[in-house]
Amino acid sequence: MLLAVHNLQTIRRAAAEFIRIMGDRTTVAFHGEMGVGKTTFIKAVCEALGVDDAVGSPTFAIVNEYRSSATGEPVYHFDFYRICQPAEAQDIGVEDYFYSGARCFIEWPEKIAMLLPDDTLHVRMTEEADGSRILDIGSDATKDAAPGGDCREKELKCHTR
């Protein structure tokens, strides 16, 4: 399924539609190039879920925890850009987050592909020539993941702290 975000003025409407499409799924993996808008879209989704906190990229923290003022439920935002091996993600207990029943939004999921739950919703984000973004929801985005999740196996760069 394709969802278009034409500009920042339409992002809230797109976020609300995305939540409807998500249904009961709690783990969402966002695939896309650097700067395509993954963090910006996740921020809009969090706001639509009732998160009042400032939502930003957890690039250095790896995970940010927010709470929905509407439901009181936690929402987790992960950024695995700086993760080099899945063991690093295991060390912070990502599987506990993923199987907690809380919403988990993941940037750079390719780095930890082997740890993602089977029912993860994959979203491929791309930028169009006119600056709009297309979200391919349910795409087979895992095809770009390194076998076994090790970023070195496909020569993906490991980004050190």
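Taking amide H as placed 1.01 Å from N in the peptide plane, Arg103 has its amide H under 5 Å from the amide H of Tyr76, each at least 5 places away in sequence or on another chain. Note: relative contact order over the chain, using C-alpha pairs below 8 Å and six or more positions apart, is 30 percent. Over the chain, dividing the summed -39,500 (n - 2.57) contributions of all DSSP H runs of at least 4 residues by the number of residues returns a 222 nm mean residue ellipticity of -6000 deg cm²/dmol. Rg then Dmax, both in Å and based on the Cα atoms of the chain: 14.8, 43.
What is the local net charge at Leu8, summed over the other residues whose Cβ is closer than 14 Å to its Cβ (Lys, Arg +1; Asp, Glu -1)? Result for the neighbourhood of Leu8: +1. Pairs of Cα atoms nearer than 8 Å and 6+ residues apart set the relative contact order; for the stretch 1-78 it is 22 percent. The residues of the chain expose on average 51 square angstrom of accessible surface per residue, using a 1.4 Å probe on protein heavy atoms. Of all segments of the chain bounded by GluC sites (Glu not before Pro) found in a DSSP loop with no more than 13 other C-beta atoms within 10 Å, the longest spans 34-127.
Seen through its C-alpha gyration tensor, with square-root eigenvalues sorted a ≥ b ≥ c, the stretch 53-107 comes out oblate because a/c lies at 1.5 or above while a/b is not bigger than b/c. Rounded to the nearest 20 debye, the dipole size of the chain about its Cα centre is 300 debye, using +1 on the Cβ of Lys and Arg and -1 on the Cβ of Asp and Glu. Computing the accessible area with a 1.4 Å probe over protein heavy atoms, can you report the carbon and sulfur percentage for the chain? Taking all protein chains in place, the chain shows 47 percent carbon and sulfur surface.
The values are calculated or read from the model by the stated rules, or taken from the named source; none is laboratory data. Remember, predicted model here, so these are calculated numbers, not experimental data. In this analysis, Cβ positions are derived from the backbone assuming ideal geometry, glycine residues included, and neighbour counts consider all displayed protein chains. We work out accessible area using only protein heavy atoms, side chains counted, and drop any ligands, DNA or RNA first. Shrake-Rupley method; radii C 1.70, N 1.55, O 1.52, S 1.80 Å.
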